Amino acid sequence: MSQTGRERREQPFLTEETDVTGLIPRGLRVGAALAWRFIVVIAALYAVVWLMGYLSAVVIPVSIALLLSALMAPAVSKLVAWRFPRGLATGIVLIAGLAVLGGLLTFVITQFSSGLPQLQEQLNNSLNQIKDWLINGPLHLRQEQIQDFINQAIGFIQNNQSSLTTTALTTAGTIGEILTGFVLVLFVTIFFLAGGEHIYSFLVRGVPARVRKRVDVAGRRGFASLVSYIRATAAVAVVDAVGIGIGLWIVGVPLVIPLATLVFLGAFIPIIGAVLAGGVAVLIALVTKSFIGAVIVLAIVIGVMQLESHILQPLLLGRAVRLHPLAVVLAIATGLVAAGIAGALLAVPLLAVLNAGIRSLLHEHDPDPATVDALHSQAAQPNDAKPGPDDKAEATARGEKDNEKK
């Protein structure tokens, strides 16, 4: 064997100077690069979600105030166009909105309170009918068995009285937090309506000048999408309330107007809110009417929900925010798991704002903030149909290459 062959055989395969990067398969390198980037993104999202949860006492009221601002801003703008001072216009719209909301809630509570004795009497009759069915029906239960079950329920309540008292105290604390949040919502809404444009301009100044116009337009289109979402949701809520209210009136269920009002308020939480309000109507029908009446009311609620999901939501919400129904359902479920009812309420508006803003950032050509009126529904869509300067230059270069080939 030659000297050169012996040196090659004795030379190690890997040395300290060897670059091992080239020895790793390309698929493994790509997978590792995607994996660590994915971990970083998930960690950042987790930090953001944790911070929002930690500051939920501030984040939720500010988010609700933003929703109310999107609902009331067009009315304020209309009054300003009629030569009202902006502060006065804000006060008029806010007081009118609070009066309407307070009137609805007061009406619902008053009607339920006045109808409570009748409901209690009918509930006792229903319980007696159920008790008679359990004894004389196919189950043939004895009076002693039913009484033992009632005694066990009473004993359970007595044994867990301390925990129930703690829960009541916690509920009282929660009511205090709700009142504090309501005051914060009120103040933030006033400032958003009176000086929202100045607040937004101040925030946009923190963006680098190179991308400031693009970010400004994306934010305006996001708020326009929020305005469109609120308008479409209000229209869907009216249809749900009228449809279910007419059905309850035909069946003869008491408290028709309060239940319809409850459906209207609940419809602002997409899918879940109207279903829960409809469930209350079914329970009241079960108590005040018969089982058949409850089934009819359930069929009416399901029919109205089908009308909402297959016609109203695609026609109104689909055009307003351009969201797929699956995305809406997943957003509501995620918000419900992450932050309860508040999360379910805010999930779809947040998704609509992010969808409009990201589409604007990715597809907007030659953005001009002066041409975007955030209070109009059409402003939510980016002008991606209009070619920008870069697209025109690219098309010109492509045409010149085609001419050279010919």
### Query
Based on what the data block shows, is VAL93 surrounded by 13 or more Cβ atoms within 10 Å (Cβ to Cβ) and either at pLDDT 90 or above or of a type in the set (Asp, Glu) (or both)?
yes
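Would you check if ARG221 is open to solvent by 50 Å² or more (accessible area, probe 1.4 Å), in a helix (DSSP H, G or I) and either basic (Lys, Arg) or under 22 Å from LEU68 (Cβ atoms) (or both)?
Taking the combined requirement at face value, the residue does not satisfy it.
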### Message
So the check is Cβ under 8 Å with 6+ separation or different chains; which pairs have a first residue in the range 50-75 that's farther than 12 Å from GLY196 by Cβ and a second one that's assigned to a helix (DSSP H, G or I) and of a type in the set (S, T, N, Q)?
### Response
ALA57/THR180
### Task
Could you tell me which numbered condition VAL251 fails, if it satisfies all but one of (1) open to solvent by 60 Å² or more (accessible area, probe 1.4 Å); (2) of a type outside the set (Ser, Thr, Tyr); (3) more than 28 Å from the chain's Cα centre (by Cα)?
(1)
### Message
Return the residues of the range 244-257 that are more than 14 Å from LEU283 (Cβ to Cβ) and touching a residue at least 60 places away in the same chain (Cβ under 8 Å); say none if nothing qualifies.
### Response
ILE257
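Picking from LEU79, LEU104, LEU71, LEU139, which residue would you name as being open to solvent by 40 Å² or more (accessible area, probe 1.4 Å), of a type outside the set (Asp, Glu) and modelled with pLDDT of 85 or more?
LEU71 is the lone residue from the list that is open to solvent by 40 Å² or more (accessible area, probe 1.4 Å), of a type outside the set (Asp, Glu) and modelled with pLDDT of 85 or more.
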### Query
Of the residues that sit in the range 273-302 and are open to solvent by 50 Å² or more (accessible area, probe 1.4 Å) and β-branched (Val, Ile, Thr), which one is farthest from the chain's Cα centre (by Cα)?
ILE292
### Task
Kindly indicate the residue of the range 322-356 that is small (Gly, Ala, Ser) and open to solvent by 20 Å² or more (accessible area, probe 1.4 Å) and also nearest to ALA70 (Cα to Cα) among those meeting that condition.
ALA342
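The values are calculated or read from the model by the stated rules, or taken from the named source; none is laboratory data. Predicted model only: the values in this text are computed from it and were never measured. Positions of Cβ are generated from backbone atoms using ideal geometry, with glycine treated the same way; all protein chains shown enter the neighbour counts. Ligands, DNA and RNA are excluded from the accessible area calculation, which covers all protein heavy atoms including side chains. Shrake-Rupley method; radii C 1.70, N 1.55, O 1.52, S 1.80 Å.
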